[in-house]
1. Among the helices (runs of 4 or more DSSP H) contained in region 110-170, which hold 3 or more residues that are of a type outside the set (A, V, I, L, M, F, W, C) and closer than 23 Å to Val4 by Cα?
2. Please state which of the following conditions Ala122 fails to meet, knowing it meets all the rest: (1) closer than 14 Å to Leu21 by Cα; (2) of a type in the set (Gly, Ala, Ser); (3) out of contact with any Phe, Trp or Tyr (no Cβ under 8 Å at 6 or more places or on another chain).
3. Answer yes if at least one residue in region 3-13 is over 20 Å from Thr97 (Cβ atoms) and surrounded by fewer than 22 Cβ atoms within 10 Å (Cβ to Cβ), and no otherwise.
4. Restricting the first residue to region 52-65 and requiring it to be under 12 Å from Arg5 (Cα atoms), which pairs with a second residue that is of a type in the set (A, V, I, L, M) and assigned to a loop (DSSP other than H, G, I, E, B) meet a Cβ separation below 6 Å and a spacing of at least six or different chains?
5. For residues in region 98-109 being of a type in the set (S, T, N, Q) and not in a helix (DSSP H, G or I), which is modelled with the lowest pLDDT?
6. Going through Ala78, Ala89, Ala118 one at a time, which residue ends up being among the aliphatic types (A, V, I, L, M) and either in contact with a Leu (Cβ under 7 Å, 6 or more places away or on another chain) or exposed (fewer than 15 other Cβ atoms within 10 Å of the Cβ) (or both)?
7. Is at least one residue of region 145-157 modelled with pLDDT under 95, within 22 Å of Phe53 (Cβ to Cβ) and exposed (fewer than 13 other Cβ atoms within 10 Å of the Cβ)?
8. From the list Ala78, Ala49, which one is outside any loop (DSSP other than H, G, I, E, B), modelled with pLDDT under 95 and more than 18 Å from Ala34 (Cα to Cα)?
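The values are calculated or read from the model by the stated rules, or taken from the named source; none is laboratory data. Here the structure is a predicted model, which is why all the values come from computation and not from measurement. Glycine also receives a Cβ, built like all others from the backbone with ideal geometry; neighbour counts cover every protein chain displayed.
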Amino acid sequence: MHEVRIHGRGGQGAVLASAILATALVEEGRHVMAIPAFGFERRGAPVVAFLRFDDRVIRQVTNIYKPDMVMVIDPTVARSVDVFAGTPAGSLLVQATQKAATELVVPANVSRVAVCNAVHIALDVFKRPITNTIMLGAFAKATGLVSVASLERALEHTDFRDAGLAQNIEAVRRGFAETSVLDLGRAAA
């Protein structure tokens with residue numbers, strides 16, 4: 001079973017990203033449980049969403065405390081939240097940043113880092129720094145556990161406030177294409 005924690009800020013669509021990812025994973029025949037977490041619910045405040053998926057039925061309905069995958073859709077949120085809290089050895093970080101993967105400081109339990117300059121892409125595609133669908137493409141590239149085609153089909157069932165389907169499909173595709181993945185050679189425990 002894989003457990004994913006998505007970090008962002010209010011208004012960036014972290015909860016929506018987990019719902020889209022859940023739909024795409026179900027499309028591929030996986031069992032999924034998406035767990036949104038609503039805190040202050042104000043624009044700009046740190047927000048977190050959770051997702052659990054497996055090839056078997058999931059009976060565990062608890063919060064996720066030890067995610068093996070962390071997706072950070074806002075490049076600044078790590079300044080106010082410990083995005084690595086609870087991550088076990090062999091974890092994956094998918095980070096929105098303009099930095100190269102080799103420039104990031106990550107704990108020893110992270111074995112793979114994927115980076116995407118999602119804000120740059122978002123400004124180009126949406127004219128706003130909304131990175132959620134871009135980072136779904138980055139997640140697909142980093143993990144190989146969900147296809148871009150399934151993400152695109154999931155987008156067809158999503159109601160977007162400000163951008164259209166075509167823009168969000170372009171965002172997913174660019175997120176996938178413009179993500180760099182670095183294996184750090186650290187094994188899982």
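1. Working: elements: 118-125, 132-143, 148-155.
Once the helices (runs of 4 or more DSSP H) in region 110-170 are filtered for at least 3 residues that are of a type outside the set (A, V, I, L, M, F, W, C) and closer than 23 Å to Val4 by Cα, what remains is 132-143, 148-155.
2. Unmet for Ala122, out of (1) closer than 14 Å to Leu21 by Cα; (2) of a type in the set (Gly, Ala, Ser); (3) out of contact with any Phe, Trp or Tyr (no Cβ under 8 Å at 6 or more places or on another chain): (1).
3. Step one: filter region 3-13 for residues over 20 Å from Thr97 (Cβ atoms), giving 3.
After this cut, where a residue has to be surrounded by fewer than 22 Cβ atoms within 10 Å (Cβ to Cβ) as well, the list is none.
Scanning region 3-13 turns up no residue that is over 20 Å from Thr97 (Cβ atoms) and surrounded by fewer than 22 Cβ atoms within 10 Å (Cβ to Cβ).
4. Arg52/Ile58
5. Of all residues in region 98-109, those of a type in the set (S, T, N, Q) come to 98, 102, 109.
Filter once more, keeping what is not in a helix (DSSP H, G or I): 98, 109.
Working: Gln98: 96, Asn109: 93.
The extreme case among them is Asn109.
6. Working: Ala78 fails: either in contact with a Leu (Cβ under 7 Å, 6 or more places away or on another chain) or exposed (fewer than 15 other Cβ atoms within 10 Å of the Cβ) (or both); Ala118 fails: either in contact with a Leu (Cβ under 7 Å, 6 or more places away or on another chain) or exposed (fewer than 15 other Cβ atoms within 10 Å of the Cβ) (or both).
Of the residues listed, the single one that is among the aliphatic types (A, V, I, L, M) and either in contact with a Leu (Cβ under 7 Å, 6 or more places away or on another chain) or exposed (fewer than 15 other Cβ atoms within 10 Å of the Cβ) (or both) is Ala89.
7. yes
8. On the way: Ala49 fails: more than 18 Å from Ala34 (Cα to Cα).
Going through Ala78, Ala49 in turn, just one is outside any loop (DSSP other than H, G, I, E, B), modelled with pLDDT under 95 and more than 18 Å from Ala34 (Cα to Cα): Ala78.
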